[in-house]
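A.B. asks: Quick one: the structure is below, and I'll ask about it shortly.
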Amino acid sequence: MKIDLRVTLRGEWEEVEIATGTTIEELCKKYGERAPYTVLAAKVDNKYEDLTYRLHRRCRVEFLDIRTQAVNLIYQHSLSLIYLKAVYDCLGDVRVEIQNSLNKGLYTEIKTAQPVTAKQIRDVEKRMREIVRDDIPFKKEIVSREEAMEILERDGRKEKQRILNESLHLQKVKFYSLDGFRDFFYGLMAPSSGYIQYFQLMKYRRGVLLRFPHPSDPNVIPPYRDEKKLYQAFGEQTRWDQLLDVSYVADLNEKIDNGQYRELIQISEALHEKKIAEIADKIKRQHKRIVLIAGPSSSGKTTFARRLCIQLKVNGLNPLYMGTDDYFLEREDTPLDEHGEKDYENLGALDIRLFNDNMNDLLQGKEVDLPTFDFMTGHKQYGKRITAVKPGQPIVIEGIHALNEKLTEYIPKEEKFKIYISPLTQLNIDAHNRIPTTDERMLRRMVRDNLYRGHNAQSTISSWPKVREGEDRNIFPYSGEADVLFNSYHVYEIAVLKKYAEPLLRKIAPQEPEYAEAVRMLKFLRFFRTIEDDSIIVNNSIIREFIGGSIFVE
């Protein structure tokens, strides 16, 4: 029996005929040579499937590579299993933690009696390359809940046992094994190790970096850049999590079940307030006048900036708060992107000379007619904000290009203090299944878009790749310029966001292109208990910027 189906090739759909039961991998070998990069998964009728999936009915199949976020995670899961297997082969049954993203890769720690040496890491990488060369299949095994608990008990995976014990919805559990080494991953995998060609292993401080291609260039390991402040921020969050007694999702779920989440929220908020106060103290101590704040979408920049201003006032300073949007060029002068559309995220869309002149005049105590950009007419207006600042009074500026030195190139360096803000997710499902920061931010944005902008979850998911492109171009390359990195993440927040996000995700119909992402997000949300009563969250919390009730957001 043969079935008809549609396959997307080079962005266009083609009708092909195949035998029923054909796997996507077999289909890809026949038609995938036209794909620009290695195909690792597919979207079948708007649902992600791995390449071992068999086709039995008429459907639409779209080949996917790591330029898609979900497939980028498949690459990471597959690479992680190869890494875990290689560590086991070289160092024995030692504990390995895959903690967070860092330096264009994953930061991991191998828990041995003595710190791992550079030679041991070279041996592990060599073993990984042997595994890739041998093209060993990732064997998928689906077992009952009871069988899974027994497997995890035998393998000594206690944190995985705990999350499974709490996840009552999981009646079937999926394991992957590589040459006899078995582990639980909640996501999909590549068919075999031979698909994972590009990676690099290197010693980094107390741990090991597992580096791999960025979605923007799938066949190249990106240049190494030491993100010291990011490492320190993740380390600080780990210490905070230890203080809160929450290492994995199971710990958070336990506190939600027994009511201890209320104190958890209060302590987490207090830690944020203490950190913001420390930053304000540093600004005063260093006599900084131009405070520049930037971060990716849904970082909580507005709330952070407002709270920083309050702490500066506590220190006897009276900051002027402003954004950079009022310095857009006249609309007819806005540069165009590669599609011929006006590119408002381009640094060239701002009147940099006017901005620098205005800031320098304010620093010198002059009265300045600050512009107000009228987004209806596309022109700046004057006469509405005639402003002067007193000696020593700081100016707090928020904008996507705030850390780019070109924005403030005419302002004396000694006057500037740069702050990078982002929610750096440190709470993972277990030692080997992490929650990407980008998923955390998309949840925040989804809830806020629906509450304040009337957008549905489908709209947020659809626009997210373009948002990420802008961040990769305008924000992330300059994060290392920051004097301070503020982690706006709260360990409890996904449990709060879940209440708002789940209904929005469930509204996305199977026939919509965004359905696959909705299903993926819902799958990882299932591991979290829901905090139904979020009334204890204070009205100046960063989370209030997204769920409503913020004193800073109208």
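The values are calculated or read from the model by the stated rules, or taken from the named source; none is laboratory data. None of the values given here were measured: they were computed from a predicted structure. Heads up, the Cβs are rebuilt from the backbone with ideal geometry, glycines too, and the neighbour counts pull from every protein chain shown. Heavy atoms of the whole protein, side chains included, go into the accessibility calculation; ligands, DNA and RNA do not. Shrake-Rupley method; radii C 1.70, N 1.55, O 1.52, S 1.80 Å.
A.B. asks: Kindly check whether there is at least one residue in the range 486-506 that is open to solvent by 10 Å² or more (accessible area, probe 1.4 Å), among the charged types (D, E, K, R) and in contact with a strand residue (DSSP E or B) (Cβ under 9 Å, 6 or more places away or on another chain).
C.D. replies: no
A.B. asks: Hey, another quick one. Quick check on the range 224-275: of everything there that is in contact with a Ser or Thr (Cβ under 8 Å, 6 or more places away or on another chain), in a helix (DSSP H, G or I) and over 22 Å from Ile537 (Cβ atoms), which residue is most open to solvent (accessible area, probe 1.4 Å)?
C.D. replies: Of the range 224-275, the ones in contact with a Ser or Thr (Cβ under 8 Å, 6 or more places away or on another chain) are 227, 229-230, 240-241, 244, 256, 269, 272.
Now drop any that are not in a helix (DSSP H, G or I), which leaves 229-230, 240-241, 244, 256, 269, 272.
Pick out the ones that are also over 22 Å from Ile537 (Cβ atoms) and you get 229-230.
Values: Lys229: 77, Leu230: 31 Å².
Across the range 224-275, the extreme among qualifying residues is Lys229.
A.B. asks: Here is a follow-up. As an exercise: evaluate Ser479 against (1) of a type in the set (S, T, N, Q); (2) under 21 Å from Gly399 (Cβ atoms); (3) open to solvent by less than 10 Å² (accessible area, probe 1.4 Å) and give the number of the one condition it does not meet.
C.D. replies: That leaves (3) as the condition not met.
A.B. asks: All but one of (1) in contact with a Ser or Thr (Cβ under 8 Å, 6 or more places away or on another chain); (2) open to solvent by 30 Å² or more (accessible area, probe 1.4 Å); (3) assigned to a helix (DSSP H, G or I) hold for Gln197; which doesn't?
C.D. replies: (3)
A.B. asks: Hey, another quick one. Kindly indicate whether Val220 is open to solvent by 50 Å² or more (accessible area, probe 1.4 Å), of a type in the set (Val, Ile, Thr) and part of a loop (DSSP other than H, G, I, E, B). Step through it out loud before you land on a result.
C.D. replies: Details: open to solvent by 50 Å² or more (accessible area, probe 1.4 Å): yes; of a type in the set (Val, Ile, Thr): yes; part of a loop (DSSP other than H, G, I, E, B): yes.
When the stated conditions are applied, Val220 passes them.
A.B. asks: Inspect all residues belonging to the range 410-417 and state whether any of them is buried (at least 22 other Cβ atoms within 10 Å of the Cβ) and modelled with pLDDT of 90 or more.
C.D. replies: No, because not a single residue in the range 410-417 is buried (at least 22 other Cβ atoms within 10 Å of the Cβ) and modelled with pLDDT of 90 or more.
A.B. asks: Which ones in the range 54-78 are among the aromatic types (Phe, Trp, Tyr) and either within 17 Å of Val519 (Cα to Cα) or modelled with pLDDT under 95 (or both)?
C.D. replies: Within the range 54-78, just Phe63 meets the criteria.
A.B. asks: To continue, here is another question. Go through the range 153-182 and give me each residue that's closer than 14 Å to Tyr248 by Cβ and not β-branched (Val, Ile, Thr). Please lay out each step first, then the result.
C.D. replies: So the first thing to find is which residues in the range 153-182 are closer than 14 Å to Tyr248 by Cβ, and the list is 157-167.
Across the range 153-182, the qualifying residues are Arg157, Lys158, Glu159, Lys160, Gln161, Arg162, Leu164, Asn165, Glu166, Ser167.
A.B. asks: How about the range 384-407: which of its residues are in a loop (DSSP other than H, G, I, E, B) and either under 17 Å from His287 (Cβ atoms) or among the hydrophobic types (A, V, I, L, M, F, W, C) (or both)?
C.D. replies: Ala388, Val389, Lys390, Pro391, Gly392, Gln393, Pro394, Ile400, Ala402, Leu403, Leu407
A.B. asks: Restricting to the range 85-108, count the residues that are part of a strand (DSSP E or B) and open to solvent by less than 20 Å² (accessible area, probe 1.4 Å).
C.D. replies: Within the range 85-108, residues that are part of a strand (DSSP E or B) and open to solvent by less than 20 Å² (accessible area, probe 1.4 Å) number 8.
A.B. asks: Here is a list: Leu336, Leu354, Leu329. Which entry is among the hydrophobic types (A, V, I, L, M, F, W, C), at pLDDT below 95 and surrounded by fewer than 17 Cβ atoms within 10 Å (Cβ to Cβ)?
C.D. replies: Criteria check complete, one pass: Leu336.
A.B. asks: Considering only residues that are among the charged types (D, E, K, R) and farther than 19 Å from Thr372 by Cα, look in the range 307-336 and name the one that is nearest to the chain's Cα centre (by Cα).
C.D. replies: Top of the filtered list is Arg307.
A.B. asks: While we're looking at this one, here's another question. When residues of the range 255-271 are filtered for being within 20 Å of Leu525 (Cβ to Cβ) and either without any contact (Cβ under 8 Å) to a residue 12 or more places away in the chain or in contact with a helix residue (DSSP H, G or I) (Cβ under 8 Å, 6 or more places away or on another chain) (or both), how many remain?
C.D. replies: 5
A.B. asks: Of the residues Ile461, Ile543, Ile536, only one is more than 30 Å from His339 (Cα to Cα), touching a residue at least 24 places away in the same chain (Cβ under 8 Å) and open to solvent by less than 30 Å² (accessible area, probe 1.4 Å); which? I'd like the intermediate steps shown before the answer.
C.D. replies: Numbers: Ile461 fails: more than 30 Å from His339 (Cα to Cα); Ile536 fails: open to solvent by less than 30 Å² (accessible area, probe 1.4 Å).
One residue alone meets the criteria, Ile543.
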